[in-house]
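Read the figures in this text as sums done on the coordinates, not as results from a lab. Remember, predicted model here, so these are calculated numbers, not experimental data. Here the Cβ positions follow ideal geometry from the backbone for every residue, glycine too, while neighbour counts run over all protein chains shown.
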Amino acid sequence: MISRLATSRLPVAKGVTREQVARAPSPGRGKSVGDNAKGDRVVQDVVDGVVARLDASGQPRDTVKVACAQDPLTPGLVAVSEDGSRALVMSCKEMHGEPSLVLVDFTKGSATTVRSFVGPGWVVGGFLGDKVLCLSQRLGDEPQLSVWLGDKCVWSVAGMQQPCVPARVSPEVLALVVCPKPDELTQTGPSSLCALDVTSGALAPLAPAAGTRVLARPGELVVEGGSERVVVKI
Amino acid sequence: MPLIDELRRNVFARIRAQTSSSTVATVTIQGSSNVTSATGGTFAIAQDGMERNLEVVETRLTRAQVIEKAKTAGVPQRVQVGPTCGLYALGMVMDSWNEKDPKNPTAIVQDLDLRGKGKQYTREPTTSERILDYAQGEGFTALGEMFTATQLAATARHFGYDATTHLKATLDDLYKVLDAGHPAIVGFDVDYNGNPTNSGGERAHYAVIEGYFDDKGERYLIARHGWGVQKDHIWKASDFDASWKALQTTTFYGTPGDGVIPRQFGLDMTHELPEPSKMSLPDAGNGRAHIFESLGTKIVEVVPKGEQPVGGVR
């Protein structure tokens, strides 16, 4: 009964449209740019070790220092809160290891570690209202992706996933891009836009999709950052 | 080529334990209505009347076992420091030949490696010369990046190996190199997990291909590279093929030919970093350089002197 109730909370795909898109220009070596639905943009520069809001002309302001040692090839993704006052970024102590999810508050000028782990891997954050989500991907010979809400692991899967900033569908439901069942040999696989009930851990694939962020809009979910823009009516 | 299909068909093979025919045993298991002994071993009659051999052993070929069976050209791991993936890939190949015959030379990439025995290197270097010093001195690289495969082969030759570059290589060329037991150094576009992707060349990276196998009609490659985030990667050959063809442009040098390269990670950039003197990548516009002709679909084959490479040019 509990799982039925949980499943009923999950959205259903009512239609999918796909549009081929040109590759977005690189923001520069070691840089990553994220934005929210309102268009507030935040840049992380792992070479300079800073995170900043970008103004309308693309110039950085409200700069906060976040020390980073990650490979500039894999700077991480930036999640921006709905009001644009906060951002979630990755900070690593090694080129491909010891990752931490850092919450940057531009109003306070602060940077706070939300979650970290030892070993190779990466993290991506997401905002679920006032709560902070952490997707932590452990690598190594037994790779595993885990979705954390505070100190609670709400879902995990063995294998390697692609980093993608999730979106909030409702107070209990998250939209994210994952491969629900990675191949046992490659430990990877084709990804789908999925809905996750964070209270029960129920996961529902909605449509095949790949990208670096999910946007939640009234009645639809959008996956961007891949070779195609995928819009799923829910 | 390893017959992994055949190996995996035996994954659930059941092996009857060898036991004496006189053995009589009584075992109580949940769901059994009675227990008896037959021609040998211990058997149980389940409630549905089926006979279960309690000494049946289930065997399973693990992913690690698949890798070990299929590797024909394995190399020791080195974890890179800096944007030096090609040089560390070359170091891994030199280590593998040195492991087979200590007379074959090997070298460490940079002095920093000396602090990381077991991680940055495993075999004792046979020379005090550093691979990075040579590549920088020759004007191949600024920080260890090697966007031109022929220059990586030239570096291998300097350190005492015969090395060729397969230009316009195909997967069939790759299999021939591996069939000869030679590790293959290749460029590809890397994702966050160290696997092939397509970012148009922006995340160009080197790996060593160590072997291949077929399973359920799909061909797979076994690869190792300088990130060290996984001991060995298994990639679909088709994914790798798309990825090494995706090496089109890079922003590493900014506009090639302007003499300077943009600020790089971990450097004191109070001075501008000059482009390497033998970097001749064509300008792709918008602060990018073309890399397909120099790196895309290339194999660097490195063998000890006296052994014949299966192909490529010197």
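For every helix of n ≥ 4 consecutive DSSP H residues, a contribution of -39,500 (n - 2.57) applies; sum these over the protein assembly as shown, divide by its total residues, and give [θ] at 222 nm rounded to the nearest 500 deg cm²/dmol.
Helix contribution divided over all residues of the protein assembly as shown: -4000 deg cm²/dmol.
Relative to the Cα centre, what is the charge dipole magnitude of the stretch B:64-304, using +1 at the beta carbon of each Lys and Arg, -1 at the beta carbon of each Asp and Glu, and rounding to the nearest 20 debye?
The calculated dipole for the stretch B:64-304 is roughly 400 debye.
How about A:LYS31: which lysines have a C-alpha closer than 18 Å to its C-alpha, ignoring those fewer than 8 places off in the same chain?
Of all the lysines, those that pass the test against A:LYS31 - Cα under 18 Å, at least 8 places apart if same chain - are A:LYS65, A:LYS93.
Going by how many other Cβ atoms sit within 10 Å of their own, how do B:PHE240, B:PHE188, B:PHE292 line up, fewest first?
B:PHE292, B:PHE240, B:PHE188
Can you tell me, using C-alpha contacts under 8 Å and at least 6 residues apart, the relative contact order of the stretch B:64-304 as a whole percent?
Averaging sequence separation for qualifying contacts and normalising by length gives 24 percent for the stretch B:64-304.
By counting other Cβ atoms within 10 Å of each Cβ, how are A:ASP83, B:ASP283 ranked from fewest to most?
Fewest-to-most ranking of A:ASP83, B:ASP283: A:ASP83, B:ASP283.
Under a plain spin-label model, where a point goes 7 Å from the Cα along Cα-to-Cβ, how far apart in nm are B:SER238 and B:ASN286?
The answer from the label model is 3.0 nm.
Calculate, axis by axis, the spread of Cα positions in the stretch A:141-234 along the three principal axes, and write the results as whole Å, longest axis first.
Cα extents, longest axis first: 40, 33, 17 Å.
Among B:GLY285, B:ALA89, B:GLY201, which residue has its Cα furthest toward the positive end of the charge dipole of the stretch B:64-304, with +1 on Lys/Arg Cβ and -1 on Asp/Glu Cβ?
Ranked along the dipole, the leading option is B:ALA89.
Less than 9 Å Cβ to Cβ from B:TRP244, Lys/Arg counted +1 and Asp/Glu -1: what total charge do the surrounding residues give?
Its environment carries a net charge of 0.
Considering the Cα positions of the stretch B:59-189, please state its Rg to one decimal place and its Dmax as a whole number of Å.
Looking at the stretch B:59-189, its Cα Rg and Dmax stand at 15.2, 54 Å.
Loop-only check: which trypsin sites (Lys or Arg not before Pro) in the stretch B:161-240 are DSSP coil with at most 13 other Cβ within 10 angstrom?
Here the sparse-neighbourhood loop sites are B:LYS168, B:LYS216, B:LYS231.
What is the Cα centroid distance between the stretch B:191-239 and the stretch B:68-115, reported in whole angstrom?
17 Å
Sort all Cα-Cα distances of the stretch B:64-304 into consecutive 10 angstrom bins from zero, then give the percent of pairs in each bin up to the one containing the longest distance.
Over the stretch B:64-304, the share of Cα pairs per 10 Å bin runs 8, 34, 38, 17, 3, 0 percent.
Within 10 Å of each Cβ of B:223-229, how many other protein chain Cβ atoms are there on average?
Mean inter-chain Cβ contacts per residue within 10 Å come to 4.
So, counting K/R as plus one and D/E as minus one, what does the shell of residues with Cβ under 10 Å around B:PRO125 add up to?
Net local charge, B:PRO125 excluded: -2.
How big is chain A on each of its three principal axes, counting only the C-alpha atoms and giving the largest first in Å?
49, 40, 34
Taking the Cα centre as origin and putting +1 on Lys and Arg beta-carbons and -1 on Asp and Glu beta-carbons, what dipole magnitude results for the protein assembly as shown, to the nearest 20 debye?
It comes to approximately 900 debye.
Suppose we take every Cα in the protein assembly as shown and form the convex hull; what volume per residue is that in Å³?
Details: hull volume 106.5 nm³, N = 548.
Measuring per residue, one finds 194 Å³ for the Cα hull of the protein assembly as shown.
Quick check for me: using +1 on Lys/Arg Cβ and -1 on Asp/Glu Cβ, what's the dipole size of the stretch A:149-222 about its Cα centre, in debye to the nearest 20?
Details: 5 positive and 6 negative charges, 40 e Å.
Charge dipole of the stretch A:149-222: 200 debye, to the nearest 20.
Explain nothing, just compute: Karplus ³J(HN,Hα) = 6.51 cos²θ - 1.76 cosθ + 1.60, θ = phi - 60°, for every residue of the stretch A:145-152 in order, whole Hz, x for Gly and Pro.
Taking θ as phi minus 60°, the curve returns 9, 10, 10, 10, 10, x, 8, 9 Hz for the stretch A:145-152.
How would you rank B:ILE222, B:ILE131, A:ILE234, going from fewest to most other Cβ atoms within 10 Å of each one's own Cβ?
So the residues, fewest neighbours to most, are A:ILE234, B:ILE222, B:ILE131.
Can you check what the net charge comes to around B:ALA107, using other residues whose Cβ is under 11 Å from the Cβ of B:ALA107 (Lys, Arg +1; Asp, Glu -1)?
With Lys, Arg at +1 and Asp, Glu at -1, the neighbours total -3.
Work out the charge dipole of the stretch B:64-304 with +1 on the Cβ of Lys and Arg and -1 on the Cβ of Asp and Glu about the Cα centre, then indicate which of B:LEU247, B:PRO125, B:VAL260 is farthest towards its positive end.
It is B:PRO125, whose Cα lies furthest towards the positive end.
How big is the gap, in Å, between the Cα center of the stretch B:282-314 and the Cα center of the stretch A:65-144?
Comparing the Cα centres of the stretch B:282-314 and the stretch A:65-144, I get a distance of 36 Å.
Let's test this: bin the Cα-Cα distances of the stretch A:124-187 at 5 Å from zero up to the farthest pair and state each bin's percent.
4, 18, 29, 25, 14, 7, 3, 1
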